[in-house]
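All remarks here apply to the structure that follows.
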Amino acid sequence: MEGTAWIDRLAASDVVLLDDFLGTDASAAVRAEMQDIFAAGLGRPARVGRGEGESYLPDTRRDLIHWFDDVAQPPAIAGFLARMEALRQTLNREAFLGLRRLECHAAYYGPGAFYKAHLDAFADGSNRLITFVYFLNPGWGPAHGGQLQLLGPHACVIEPRMDRLVLFKSREVLHEVLPSHADRYTLTGWMYGVDEERRRRGGVLGDLS
Ligand SMILES: O=C(O)CCC(=O)C(=O)O
Ligand SMILES: [Fe+2]
């Protein structure tokens, strides 16, 4: 990837697009592993909110997701996660964002699936600071739908093209996924700042990574 100019673009406009993120072979390998995950039935209907407020709201979102935990992932997905971890460290070094960790899930939007307008940061003092979405849809065209629509001052339409990564500020950028008319695979994740609860308890040092 080209230097760190993308960090200035993210700071200036809250959103940045990086095309050809992994390259042709690596992105195709990630897509194949994603297809295996969902073909194996590992996708679960995504829920909205968290903790006791979490619920299945099919009028709000209709994707299937599979969370990655700490155990080993298939090699191409592991390579993607390693790249994202490197980006997290670059953001900390160059932009002093204090991003402590990242989480990521695989998502599959089948025909008719969507995700209505939302912010990714929870209202209860969430520490999600940066959202990333990596698109895995070769041959995408407008008839396939599933565009990531940014709203409000950031309004623009992002086509979910193969090997494209978008990063945006989780608290600032209202967005929605328009109805998909084809299989749509993505890796979506978040980089977290200092845990608010932990900070209140004075345990920040234990959270350093
Ligand atoms: O798949 C996308 O384009 C965005 C997904 C999203 O907004 C989310 O999972 O919070
Ligand atoms: Fe989102």
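Counting neighbouring beta carbons within 10 Å and listing from fewest to most, the residues Cys104, Cys156 come out as Cys156, Cys104. Comparing Val48, Val16, Val133 in a Gaussian network model of the chain where C-alpha atoms under 10 Å apart are linked, the largest mean-square fluctuation is found at Val48. Given the chain, what whole percent of its Cα pairs are spread farther than 24 Å? Above the 24 Å cut-off, the chain has 41 percent of its Cα pairs. Per-residue Karplus couplings for the range 92-101, computed as 6.51 cos²θ - 1.76 cosθ + 1.60 with θ equal to phi - 60°, are listed in order as 5, 5, 8, 10, 6, 7, x, 7, 8, 7 Hz, Gly and Pro entered as x. Residues considered: Ala32, Ala12, Ala107. Largest GNM mean-square fluctuation over the chain, using C-alpha springs under 10 Å, is found at Ala12.
Considering only Arg61, Arg93, Arg47, the Gaussian network model of the chain with Cα springs below 10 Å gives its largest mean-square fluctuation to Arg93. Residue by residue, the range 17-29 carries 3J(HN,Hα) couplings of 10, 10, 8, 6, 5, 9, x, 4, 5, 5, 5, 5, 5 Hz when phi is fed to the Karplus relation 6.51 cos²θ - 1.76 cosθ + 1.60 (θ = phi - 60°); x denotes Gly or Pro. Taking θ as phi - 60° and the Karplus parameters 6.51, -1.76 and 1.60, the scalar couplings of the range 184-195 work out to 10, 10, 9, 10, 10, x, 9, 9, 9, x, 4, 5 Hz in sequence order, x denoting glycine and proline.
Here, each number is a calculation from the coordinates, and none is a lab measurement. This one's a predicted model, so the numbers in the text were calculated from it and none came from an experiment. Ideal geometry is used to build each Cβ from the backbone, glycine not excepted, and the neighbour counts take in all protein chains shown.
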